[in-house]
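First comes the structure, then the notes that go with it.
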Amino acid sequence: MMIGVDTEILIDVWQRLLADPRKSWVLFEHGTCVVLTDPDGELAEQATDLLRKFGPARAGSPAGDFGVIDVKDAEGWVVTGQHNDVLTYVGLDEPQDQSQISVGLFGRSKRHRDGTELHVVHVEDKRESAAPA
């Protein structure tokens, strides 16, 4: 179950944030998006493999690190992690405390859930639109 943000809202947010017509991406249930810079084959499978490896947070390791980006194209934040192409959206209404550390920890916990549950809710395949006409 989503925490505060439904799938349609998440899809809309990521479509605005990832407006590059060449970027394929896969959205997971709790708001984590895996951008596929070199998409090949089944996108959901490729993204799931990346998230399985780089999603779960492990204290004291690089997998526990995070950064917080205050985005202008959506109301909320993007929380980064160990892998540059694994990003998690946190909406304004989600964390009670909106400090950078609280937002980052909240986003990291969402990424951890996505990285362990691995439930794909949307695939944005931009491979065909990037092909020359």
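The values are calculated or read from the model by the stated rules, or taken from the named source; none is laboratory data. None of the values given here were measured: they were computed from a predicted structure. Here the Cβ positions follow ideal geometry from the backbone for every residue, glycine too, while neighbour counts run over all protein chains shown.
Looking at PHE54, PHE28, which one is modelled with pLDDT of 90 or more and in contact with a Leu (Cβ under 9 Å, 6 or more places away or on another chain)?
Just one listed residue meets the conditions, PHE28.
Pick out the one residue from VAL78, VAL103 that is among the β-branched types (Val, Ile, Thr) and farther than 30 Å from GLU128 by Cβ.
After ruling out the rest, the residue left standing is VAL103.
Are there any pairs with C-beta distances below 6 angstrom linking a residue in region 44-66 that is at positive phi to a residue that is in a loop (DSSP other than H, G, I, E, B) and among the small types (Gly, Ala, Ser), with the two at least 6 apart or on different chains, and if so which?
Cβ pairs passing all conditions: none.
One line per residue, one yes/no per condition, for (1) farther than 21 Å from LEU43 by Cβ; (2) crowded, with 18+ Cβ neighbours inside 10 Å:
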residue: SER61; (1), (2): yes, no
residue: VAL71; (1), (2): yes, no
residue: VAL86; (1), (2): no, yes
residue: VAL90; (1), (2): yes, yes
residue: ILE101; (1), (2): yes, no
residue: ARG108; (1), (2): yes, yes
residue: THR116; (1), (2): no, no
residue: HIS122; (1), (2): no, no
residue: ASP125; (1), (2): no, no
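For region 1-55, give me the residue count where each residue is in contact with an Asp or Glu (Cβ under 9 Å, 6 or more places away or on another chain) and either part of a loop (DSSP other than H, G, I, E, B) or surrounded by fewer than 13 Cβ atoms within 10 Å (Cβ to Cβ) (or both).
The number of residues fulfilling the criteria is 15.
Quick check on my filter: what residues within region 69-116 are in a loop (DSSP other than H, G, I, E, B), in contact (Cβ under 8 Å) with a residue 24 or more places away in the chain and over 17 Å from LEU27 (Cα atoms)?
Across region 69-116, the qualifying residues are VAL71, ASP73, GLN82, ASP93, GLU94.
Give region 86-114 a look and list any residue that's under 17 Å from ALA74 (Cα atoms) and of a type in the set (Val, Ile, Thr), or say none.
Across region 86-114, the qualifying residues are THR88, VAL90, VAL103.
Here are some residues: ARG108, ARG127. Which one is at pLDDT 90 or above and among the basic types (Lys, Arg)?
Of ARG108, ARG127, the one residue that is at pLDDT 90 or above and among the basic types (Lys, Arg) is ARG108.
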